[in-house]
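Peer 1: Sending over a structure as structure tokens; questions will come in a sec.
Computed from the coordinates by the stated procedures, all read-outs in this text should not be read as laboratory data. Computed from a prediction, not measured in an experiment: that's the story for all the values here. We place every Cβ from the backbone using ideal geometry, glycine too, and count neighbours over all the protein chains shown.
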Amino acid sequence: MNTFPYDSWEAAIEAADGTTGYFTWGPGGNTASYVLAFIGIAVSVVAALLVTIREDKLLNDAADRLADKYS
């Protein structure tokens, strides 16, 4: 199955003007690139915060248990 829409790479390079993105769900523009990058950064920051908060809680609970055990 050949899904490449051009006869050669040269034709594809000539057709690419550098101003449009390549997305299967929408035409032109690089807005989707910016939206995906923003969503990826936001998800990464939220995940980092959740991991940090959870680890802080677990370590404080462990420290409290050890302090109760050896005090």
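Peer 1: If each residue of separation counts as 0.36 nm, what is the full-extension length gain between I53 and Y6 once their alpha-carbon separation is subtracted?
Peer 2: Extra length available between I53 and Y6 comes to 11.8 nm.
Peer 1: Extending each Cα 7 Å along its Cβ direction at F38 and S71, get the distance between those two points in nm, one decimal.
Peer 2: 4.8
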